[in-house]
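One structure below.
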Amino acid sequence: MASWAEQTKENVQPHVDEPIIAVGVLQPAGIWGSIGVGQFSRIAGTIMRKAANKKSGGLGKQGEIKTQMALVAVTEGKLYAFNAKSWGRQWQVAEPIGAWDRSDLDITTTKATLSTKVVVDVKSTGDHYELEATTVLQMKGHNDAFLAALENFSSSSGTASE
């Protein structure tokens with residue numbers, strides 16, 4: 001039986017015209033913090049969630065009831081991004097957000113306690129996406145191949161780990 005990460009990759013592959021190296025399941029950066037703050041103040045948690053959604057540039061959307069994630073696929077030449085909805089242990093691709101040549105991207109990753117922040121800047125358009133790949137709980141290990149693939153981006157990308 002295929003791992004959950006492999007199933008995710010198989011679900012995204014029909015939407016990408018070239019072989020996928022890895023797929024990450026990401027959410028807007030800062031969602032973990034909004035969950036913690038929301039335990040004490042629902043309004044403050046909602047404000048933080050809205051700010052995180054804005055910084056994500058339309059990738060993934062966290063609401064109190066309706067939640068989407070971003071599926072980001074790495075290929076030899078491009079990075080593809082889709083919004084997705086969970087369907088049990090599978091992801092249903094909801095809508096394509098973009099596809100960018102690797103040479104047009106600056107990507108930085110920053111490891112934290114619960115997640116790794118992934119910032120994608122598109123040089124040609126100025127688009128900016130702040131996301132995070134959860135590295136604990138049920139997602140532990142799911143994003144490992146994706147994060148490793150980002151680290152292997154060409155030297156023209158700004159991949160960094162702290």
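The values are calculated or read from the model by the stated rules, or taken from the named source; none is laboratory data. Every value quoted in this text rests on a predicted model; they were computed, and no experiment measured them. Counting neighbours? That spans all protein chains shown, and the Cβs are built from the backbone with ideal geometry, glycine included. Please note that ligands, DNA and RNA were not included when accessible areas were found on the heavy atoms of the full protein model with its side chains. Shrake-Rupley method; radii C 1.70, N 1.55, O 1.52, S 1.80 Å.
Assuming GLY57 fulfils every condition listed in (1) on the phi > 0 side of the Ramachandran plot; (2) at pLDDT below 85; (3) surrounded by fewer than 19 Cβ atoms within 10 Å (Cβ to Cβ) apart from one, which condition is it?
GLY57 satisfies every listed condition except (3).
Residues that are at pLDDT below 70 and within 23 Å of VAL119 (Cα to Cα): does the range 13-31 have at least one? Spell out the reasoning first.
First pass over the range 13-31, keeping only residues at pLDDT below 70: 30-31.
Checking which are within 23 Å of VAL119 (Cα to Cα) leaves us with 30-31.
Yes; the residues of the range 13-31 include at least one that is at pLDDT below 70 and within 23 Å of VAL119 (Cα to Cα).
I'd like the residue in the range 94-129 that is touching a residue at least 60 places away in the same chain (Cβ under 8 Å) and crowded, with 19+ Cβ neighbours inside 10 Å and, out of all such residues, is nearest to GLY58 (Cα to Cα).
By that ranking, first place goes to TYR129.
Is it fair to say LYS85 is under 13 Å from LEU150 (Cα atoms) and open to solvent by 20 Å² or more (accessible area, probe 1.4 Å)? Please lay out each step first, then the result.
Values: under 13 Å from LEU150 (Cα atoms): no; open to solvent by 20 Å² or more (accessible area, probe 1.4 Å): yes.
When the stated conditions are applied, LYS85 does not pass them.
Report the residue count in the range 95-115 for those that are within 20 Å of THR75 (Cα to Cα) and either among the charged types (D, E, K, R) or part of a strand (DSSP E or B) (or both).
Pass one, the range 95-115, residues within 20 Å of THR75 (Cα to Cα): 95-109.
Right, trim to either among the charged types (D, E, K, R) or part of a strand (DSSP E or B) (or both) and you get 95-102, 104-109.
So the answer is 14.
Does TRP91 fit the bill of being in a strand (DSSP E or B), surrounded by 13 or more Cβ atoms within 10 Å (Cβ to Cβ) and in contact with a helix residue (DSSP H, G or I) (Cβ under 6 Å, 6 or more places away or on another chain)? Can you show your working first?
Working: in a strand (DSSP E or B): yes; surrounded by 13 or more Cβ atoms within 10 Å (Cβ to Cβ): yes; in contact with a helix residue (DSSP H, G or I) (Cβ under 6 Å, 6 or more places away or on another chain): yes.
When the stated conditions are applied, TRP91 passes them.
Out of everything in the range 93-127 that is in contact with an Asp or Glu (Cβ under 7 Å, 6 or more places away or on another chain) and among the basic types (Lys, Arg), what residue ends up being modelled with the highest pLDDT?
Within the range 93-127, the match that is modelled with the highest pLDDT is LYS123.
Taking into account only those residues within the range 128-147 that are closer than 16 Å to ALA112 by Cβ and part of a loop (DSSP other than H, G, I, E, B), which is modelled with the highest pLDDT?
It comes out as ASN143.
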